[in-house]
Amino acid sequence: MRTSNTQGRLARTISRTALVVAAVTAVALTAACGGTGTDSGDGKTITVYSADGVGSWYTTQFAEFKKQTGISVNLVEAGSGEVVNRVDKEQSNPQADVLVTLPPFIQKAKSSGLLQDSGIDTSFVAATDKDTDGKYVTLAGNYLSFIANPSVDTTKLTWDDLLKPEFKGKLQYSTPGQAGDGTAVLILLQNLLGKQGALDYLAKLQANNVGPSSSTGKLQAKVDKGELVVANGDVQMNLTTVKDKGSKFTIFFPAAADGKRSTVAVPYVMGLAKGAPHQSEAKRLMEFLLSADAQKSLPDTFAVPARKELRDSPATTGTSASTVLAGVEVVNVNWTKILSDLDADVAAYQKATGQ
């Protein structure tokens, strides 16, 4: 009887051990696969790496996409350059399905072989807003801007004014080469002052600059609280923060010596990541985000639709990107050319500013 009980206990112990081993093996295999997308009862989960700024629009659209398809979306937001660097580092074990970032980082992603042709229909997007090889397409239009604490009068604020001692330790802009909006600051100044003139200006501005920042979005709260009085931003993100969080900062565009105010376009651009773990589902999401129904809601999030027939659609709130851009010249830039010079330009910037 004792022998029988011993055998029974031994059998149960072996059974439990086998279950534990099986469970550990299953976890190890899942970790080895490394993909963030998973099969579940309600479909797959796909992953989007995106430059920060359109999070509120994503929330609504991803919820509707799941409702229609059963496919969930995992969003990872970071700085424009950071999301591209992350995809690059993960090439041996891809995590992202869709990449959304700003120029010239989307062009950098293409040149680095991080994107593949999605094959989706983009005929309704202007030729200037998409890659001729099908590797990327504009998702939403947007523009470089600056923000200031309400304590600052921005009505006549010029680039030269930002060099004044009163802004020392109270001014910050996101870092060129790391953040799309920060890179746009360098590109705009190059257009206004020439390459050497831009470096000379930024070297002087460094006396007031708090320091580097890989993310533009993080500067908003600092300006709102008064920790900073001036920072760079972009129209869509800044207007959304004012609406959603009640921020009180002022959106403005520094004027040149002749009084003219200008900016550059910094659109959100989308591509299918090379080696995407869930390619077919990722393509469905890209098509969904470019659909007329999804694009119609962009003006209410202060972005400009990529679809040609919707570009001039008004916002139901009464405030739109075009309202803020009234009287501001949008400088046309060749982002492909900018990319070819980017490494040298960033190196020159770092040398000039010591950042």
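The values are calculated or read from the model by the stated rules, or taken from the named source; none is laboratory data. Predicted model, so just to flag it, every value in this text is computed and none were measured. Every residue, glycine among them, receives a Cβ derived from its backbone with ideal geometry; neighbour counts consider all protein chains shown. Surface accessibility is based on the protein's heavy atoms, side chains included, excluding ligands, DNA and RNA. Shrake-Rupley method; radii C 1.70, N 1.55, O 1.52, S 1.80 Å.
Among the lysines, select those whose C-alpha is under 17 Å from the C-alpha of residue 296, and discard any that sit fewer than 8 residues away in the same chain.
308
Let a ≥ b ≥ c be the square roots of the eigenvalues of the Cα gyration tensor of region 239-355; is it rounded (a/c under 1.5), or, if not, prolate (a/b larger than b/c) or oblate?
Working: a/c = 1.96, a/b = 1.12, b/c = 1.75.
It comes out oblate by the Cα gyration axes.
Are there trypsin sites (Lys or Arg not before Pro) in region 149-193 that DSSP puts in a loop and that have at most 14 other Cβ atoms within 10 Å, and which ones?
Sparse-neighbourhood loop trypsin sites (Lys or Arg not before Pro): 156, 168.
If a/c stays under 1.5 just call it rounded; otherwise compare a/b with b/c (prolate if a/b is bigger, oblate if not). Do that for region 126-209, with a ≥ b ≥ c from the square roots of the Cα gyration tensor eigenvalues. Don't skip to the answer; put the middle values down first.
Values: a/c = 2.54, a/b = 1.88, b/c = 1.35.
Here region 126-209 falls in the prolate category.
Please name which of 324, 209, 144 has its Cα lying farthest along the dipole of the chain towards the positive end, using unit charges on Cβ (Lys, Arg +1; Asp, Glu -1) and the Cα centre as origin.
209
Which of these, 244, 88, 52, has the largest mean-square fluctuation under a Gaussian network model of the chain (Cα springs below 10 Å)?
Per the Cα network of the chain with a 10 Å cutoff, 244 tops the list.
What's the angle, to the nearest 10 degrees (0 to 90), between helix 2-33's Cα axis and the longest principal axis of the chain?
Approximately 30 degrees, to the nearest 10.
Between helix 80-89 and the chain, what is the angle of the helix's C-alpha long axis to the longest principal axis, kept within 0 to 90° and rounded to the nearest 10?
40 degrees
Helix 335-353 sits at what angle to the longest principal axis of the chain, using alpha carbons and giving 0 to 90 degrees rounded to 10?
Helix 335-353 sits at roughly 80 degrees to that axis.
Where the accessible area of region 157-301 is counted over protein heavy atoms with a 1.4 Å probe, how much of it, in %, is carbon and sulfur?
On the way: 2760 of 5440 Å².
For region 157-301, the apolar C and S fraction of the accessible surface comes to 51 percent.
How many percent of Cα pairs in region 80-150 exceed 16 Å?
More than 16 Å apart: 53 percent of the Cα pairs in region 80-150.
Considering the chain, what Rg and Dmax in Å follow from its alpha-carbon atoms?
In order Rg, Dmax, the Cα atoms of the chain give 24.2, 102 Å.
So if I place +1 on the C-beta of Lys and Arg and -1 on the C-beta of Asp and Glu, and nothing else carries charge, what would the dipole magnitude of region 252-355 be about its Cα centre? I want it in debye, nearest 20. Could the numbers behind the result be given before it?
Numbers: 11 positive and 11 negative charges, 23 e Å.
I would put it at about 120 debye.
Expressed as a rounded percentage, what relative contact order does region 249-355 have, with Cα pairs under 8 Å and six or more residues apart?
27 percent
For the pair residue 93 and residue 156, how long in nm is the line joining their label points, each one 7 Å along Cα→Cβ?
Distance between the two pseudo-spin positions: 6.0 nm.
Antiparallel versus total DSSP beta bridges in the chain: what percent is that, nearest 5? Write out the running numbers ahead of the final one.
On the way: 25 of 42 bridges.
Within the chain, antiparallel bridges account for around 60 percent of the total.
What is the percent of Cα-Cα separations in region 57-207 that go past 24 Å?
The proportion of pairs with Cα distances above 24 Å equals 49 percent.
Using the structure shown, select from 248/351; 164/218; 44/135; 156/195; 108/283 the pairs with a Cα to Cα distance greater than 29 angstrom.
248/351
Just to verify a number: FRET efficiency for residue 121 and residue 66, C-beta to C-beta distance, R0 = 25 Å, to 0.05?
E(calc), rounded to 0.05, equals 0.65.
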